[in-house]
Amino acid sequence: MSMKSNQLFTIDEFNKMHHQENMSIVEIAEHFNTYPNKVRRFAQKIGAEIRNKSEAQKVALKTGRQKHPTQGQKRPESIKIKISEALADIWENMDEEEKNRRSEMAKEQWQNMSEEEKAELHRKANIAIRQAAKKGSKLEESILKGLISWGYIVKYHQQHLIANEKMHLDILLPEIKTIIEVDGPSHFKPIWGKENLKKSIYSDSKKDGLLLNMGFCVVRILQKKDITNKLTRDILLELKNLIKEIKNNFPPIGKRKFYIGG
């Protein structure tokens with residue numbers, strides 16, 4: 001079909017540009033030096049499917065005609081903190097009905113996944129947990145940096161503190177005789193199986209007993225929730241105040257074990 005509309009372009013030209021080349025109404029209007037509304041009216045007249053603004057933007061980004069507004073840009077830490085706190089506030093102030101609705105949506109999304117997709121998510125999760133176990137979690141690294149910035153002498157991933165005991169310590173603060181253990185999901189969930197979870201719980205209990213008997217304070221940071229920037233800051237603030245109190249007033253026997261997080 002070659003009939004012109006207001007002598008601007010033919011139906012064939014419009015279909016080629018809009019459907020084959022994925023050009024938006026605005027881009028077609030710019031190409032023919034006319035108004036978008038005129039192109040839109042023409043499209044409606046011939047019964048063409050018109051993409052909405054969101055769909056047009058997705059196509060433009062996908063085809064590379066338009067650059068993503070935040071691509072390649074690094075957010076300042078202050079902006080990250082504001083976003084993190086805003087999201088946390090939204091969740092904390094959300095009523096139970098909305099929380100349940102979102103939980104059901106997440107469950108439905110999971111149920112709609114193929115077995116291959118589920119298996120891939122499990123595989124990635126296990127890899128992440130294993131890497132955290134070997135290299136130390138992000139929370140551990142944040143705590144380490146915090147302690148150093150607060151002026152404490154820190155010994156990281158110490159072993160053989162007790163003779164004949166192959167005991168691994170996450171963080172040791174020798175000047176205030178305090179041990180900090182960061183307990184990730186494998187301390188509470190059977191990620192490596194139920195038997196390994198039992199062994200982990202027993203090992204943690206035995207470690208605490210040995211350290212307390214040696215006169216150490218033991219601080220266990222429980223990483224039961226997903227770690228967010230806000231949660232990390234909250235834990236660091238609570239830890240900072242706790243170890244300051246330990247330093248200024250070392251607690252008596254029976255009151256040297258502490259828990260943070262959860």
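The values are calculated or read from the model by the stated rules, or taken from the named source; none is laboratory data. In this text the structure is predicted, and so the values were computed from the model without any measurement. Please note: Cβ atoms are built from the backbone with ideal geometry, for glycine as well, and neighbour counts cover all protein chains shown.
Observations on the model:
- Any hit, the range 186-197, residues being within 17 Å of residue 139 (Cα to Cα) and part of a strand (DSSP E or B): no
- Boolean, residue 243 is modelled with pLDDT of 90 or more and part of a helix (DSSP H, G or I): yes
- With respect to (1) farther than 30 Å from residue 232 by Cβ; (2) surrounded by fewer than 12 Cβ atoms within 10 Å (Cβ to Cβ); (3) at pLDDT 75 or above, the lone exception for residue 6 is condition (3).
- Number of the condition not met by residue 78 [criteria: (1) modelled with pLDDT under 60; (2) hydroxyl-bearing (Ser, Thr, Tyr); (3) surrounded by 10 or more Cβ atoms within 10 Å (Cβ to Cβ)]: (3)
- Going through (1) surrounded by fewer than 16 Cβ atoms within 10 Å (Cβ to Cβ); (2) part of a strand (DSSP E or B) one by one, residue 220 falls short only on (1).
- Top-ranked residue in the range 142-177 [being surrounded by 12 or more Cβ atoms within 10 Å (Cβ to Cβ) and β-branched (Val, Ile, Thr); ranked as modelled with the highest pLDDT]: 176
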